[in-house]
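Structure record follows, encoded as structure tokens.
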Amino acid sequence: MLLHIGAFHLDIDSHQQTPWHRLAPQTRILCVLLLLLATVLTPNGQWLTWCVYGAAILGMLLVSRVTLWVLCKRIAVEYAFVGVVLMGTLFREGGDVVWQWGWLQITTTGLTVLGSVSFKALLSLLLLNMLTLTTPVPMLLKGLAILRVPPLLIAIMASMYRHIGVLIDEFSAMRRAAVSRNLMGGSHWQRMVIGNMIGSLFIRTYERGDRIHQAMLSRGYQGIPTAVETPNTGRYDIAALTLTLGLALAGQSISLIR
Amino acid sequence: MNFLLFSTGLLTQSVSHTFAPRIALHVPDGFLNAPVLTITWLISIGLIALALNRVQAEYQDRAVPLMGVCAAFIFAAQMINFPIPGGTSGHLLGGTLAGALLGPWAGSLVMTVVFIVQGVVFQDGGITAMGANIFNMGLIGTFGGYYLLRTIRYAIGRDKLSGMIVGTSIAAWLSVVVAAVFCALELAISGTVPFNVAMSAMVGWHIFIGIGEALITVATVTFIWRTRPDLLYRSPRRAIATSPRSLSTR
């Protein structure tokens, strides 16, 4: 939780030299997306398929030498929130009743769904954390641009990313000011003050947007450049992609055969 | 019965330092099945494409800096915890607020950008489920919220603060509740959570969350109406005549 914000230093493992880091950002995104889709779209109850994917993801984690401690901390926090949701999947009808207490009953179907969904969610979180731990945000954005995400969307995301820290600072300054003036007393007051803070933050934001625009114009901004730099991918990236695709298909064929 | 609630977690924790229920409607990866994912993604991509075109046409080269900071603004505003009547605390989703301030197209674009950054960078809501999240909160919450707000506001009177307040409160509350209904429906259709459990837990809880959303949205919009009405989307007519005064020093 806390490690996410502040300096926004998410990519603590981006300076390693490993086979994973040799991949271009767009290749990394594609590999992660492929495995993610394969994991998520596998129907419930295909344990063997997920074990194959899980082993592959574990291998990728070891190869990319992400700091496992940080990875575990992040997964723990993120999974705690997923876990709350998972409870809802358990109590349902269908299959054999395993355990019953009043109207609450746990059935085999419920257990299968619970197990499948938690497995899928865990694998997805591992994949995404590996991507964000090893790839800085500017590189991610560049990769997305090469993958033909609309340049306007990318430019807006880049601009947002650049200003999040500024706005959070401004907001904490306002909050400090309100607290130091004893304005955060009752809940009613607190809501009023926070509403006003958000309002005045919007006014400042809008004006900041205009100032940024002026500054960009004065530096010769003429709209977003449409041409993206040519991707420097080679055989290595193609091999990695093929391997991932093969893995995804292998996992799917296991689930089809059974 | 709040075991079914999705959390935004992560970011918001750092501000509050509490483990109060962090509730929003961000569906993680692995909860929805292929048909639901496909349909919500298709609708969301259509929405994004339309919104990009409209925003580009309306703001031209101001689009990038303005939408960028506004997305950062929504992101920052979502991190603030405030007490909800009834004892818990919640935080803003901001859909209706974005709609009221920036209009339907720019508002939903800004919300979409926020969801993408939250999903990709902070794992707050899944990647494959992002289509569903954009559909629930961007399309229903922002787009739907704006048009509901606009209908009510114009019915009472465009230049009346009361119209704005009534419209904002109803639209903000309803947008959260309807987004929760859609979220529950998607989970039930995917076979992840039984329909009655999903409905009662998600919707029952978000009826309260919506109250908090409505209160904060109304407070924010009222503040802007009183200080810089010209910044509202479809601002009251008197505001257009008076020249705006800057409040910002930085």
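Here region A:112-165 is treated as a sphere whose radius is the Kirkwood value from Cα pairs; by Stokes-Einstein at 10 °C and 1.306 mPa s it diffuses with a coefficient of 121 µm²/s.
Ranking B:MET164, B:THR112, B:VAL197 by how far each Cα lies toward the positive end of the dipole of chain B (charges on Cβ) leaves B:MET164 at the top.
Relative contact order of chain A: what whole-number percent is it, with Cα pairs under 8 angstrom and at least 6 residues apart?
Once normalised by length, the contact order is 31 percent.
Shape summary: region B:81-147 maps onto an equivalent ellipsoid whose semi-axes, from the alpha-carbon gyration tensor, are 20, 18, 10 Å in decreasing order.
With the convex hull constructed from alpha-carbon coordinates only, region A:151-218 shows a mean projected area of 5.5 nm² over all directions. Rolling a 1.4 Å probe over the heavy atoms of the protein chains gives chain A an accessible area of 49 Å² per residue.
If you place +1 on the Cβ of every Lys and Arg, -1 on the Cβ of every Asp and Glu, and leave all else neutral, what size is the dipole of region A:151-218 about its Cα centre, to the nearest 20 Debye? Kindly include the intermediate steps, with their values, before the conclusion.
Details: 8 positive and 4 negative charges, 39 e Å.
Here region A:151-218 has a charge dipole of around 180 debye.
Taking Cα centre as origin and charging only the Cβ of basic (Lys, Arg, +1) and acidic (Asp, Glu, -1) residues, the dipole magnitude of chain A rounds to 440 debye.
Once Lys and Arg get +1 and Asp and Glu get -1 on their Cβ, which of A:ALA158, A:LEU35, A:GLN105 lies farthest toward the positive end of the dipole of chain A? Ranked along the dipole, the leading option is A:ALA158. Here the protein assembly as shown is treated with +1 on each Lys and Arg Cβ and -1 on each Asp and Glu Cβ, and its dipole about the Cα centre works out to around 1280 debye.
GNM remark for chain B: springs join alpha carbons under 10 Å apart, and the peak mean-square fluctuation among B:SER44, B:SER108, B:SER175 falls on B:SER44. Round to a whole angstrom and tell me the spacing of the C-alpha centers of region A:65-79 and region B:31-67. After rounding, the separation between the Cα centres reads 31 Å.
Here the Debye sum runs over all C-alpha atoms of region B:12-240 as equal scatterers in vacuum, and log10 of I(q)/I(0) at q = 0.09, 0.13, 0.16 Å⁻¹ comes out as -0.35, -0.74, -1.13. Spread over its residues, the convex hull of the C-alpha atoms of region A:133-258 is 209 Å³ per residue. Normalised per residue, the accessible area of region B:12-240 is 30 Å², obtained with a 1.4 Å probe and no contribution from ligands, DNA or RNA. Partners of A:LYS120 within straight-line reach, counting lysines whose Cα lies under 24 Å from its Cα and excluding those fewer than 8 residues away in the same chain: A:LYS73. A quarter of the convex hull surface defined by the alpha-carbon atoms of chain A gives 20.3 nm² as the mean projection. Interface area, chains A and B: about 6900 Å² of buried accessible surface, summed, with a 1.4 Å probe and ligands, DNA and RNA left out.
The Cα atoms of region B:119-250 cover 56, 35, 20 Å along the three principal axes, with the biggest extent listed first. The angle between the Cα long axis of helix B:63-78 and the longest principal axis of the Cα atoms of chain B comes to about 60 degrees, rounded to the nearest 10.
A dipole drawn for the protein assembly as shown from +1 and -1 charges on Cβ atoms has a positive end, and of B:ALA219, A:ALA240, B:HIS26 the residue lying farthest that way is B:ALA219. Report D for the protein assembly as shown in µm² per second (integer): Stokes-Einstein, Kirkwood Rh on Cα pairs, 37 °C, 0.692 mPa s. Answer, rounded: 139 µm²/s. Treating r as the C-beta distance of A:LEU48 and A:LEU245 and R0 as 22 Å, the FRET efficiency rounds to 0.70.
Of the accessible area of region A:151-218, computed with a 1.4 Å probe over protein heavy atoms only, carbon and sulfur atoms account for 56 percent. Evaluated at q = 0.19 Å⁻¹, the base-10 log of the normalised Debye intensity for region B:68-182, with identical point scatterers placed on the Cα atoms, takes the values -0.99.
Using only Cα atoms, locate the centre of region A:165-184 and the centre of region B:108-157, then give the distance between them in Å, rounded to an integer. A separation of 26 Å, based on Cα centres. Most mobile of A:ALA55, A:ALA121, A:ALA215 per a Gaussian network model of chain A (Cα springs, under 10 Å)? Residue with maximal mean-square fluctuation among A:ALA55, A:ALA121, A:ALA215: A:ALA215.
Distance between the modelled labels on A:VAL97 and A:HIS188, one decimal in nanometres: 5.1 nm (7 Å Cα→Cβ projection). Here region A:52-201 is described by how far its Cα atoms reach on the three principal axes: 60, 48, 33 Å, from widest to narrowest.
Between B:ALA34, B:ALA180, B:ALA100, the residue with the greatest mean-square fluctuation in the GNM of chain B (Cα pairs under 10 Å linked by springs) is B:ALA34.
For chain B, the relative contact order is 23 percent, taking Cα pairs closer than 8 Å that sit 6 or more residues apart in sequence and dividing their mean separation by the residue count. On a 0 to 90° scale, report how tilted helix B:161-189 is relative to the longest principal axis of chain B, with both axes built from alpha carbons and the result rounded to the nearest 10. The answer is roughly 20 degrees.
The values are calculated or read from the model by the stated rules, or taken from the named source; none is laboratory data. In this text the structure is predicted, and so the values were computed from the model without any measurement. All Cβ positions, glycine included, derive from the backbone under ideal geometry; neighbour counts span all protein chains shown. Side chains included, ligands, DNA and RNA excluded: accessible areas come from the protein's heavy atoms. Shrake-Rupley method; radii C 1.70, N 1.55, O 1.52, S 1.80 Å.
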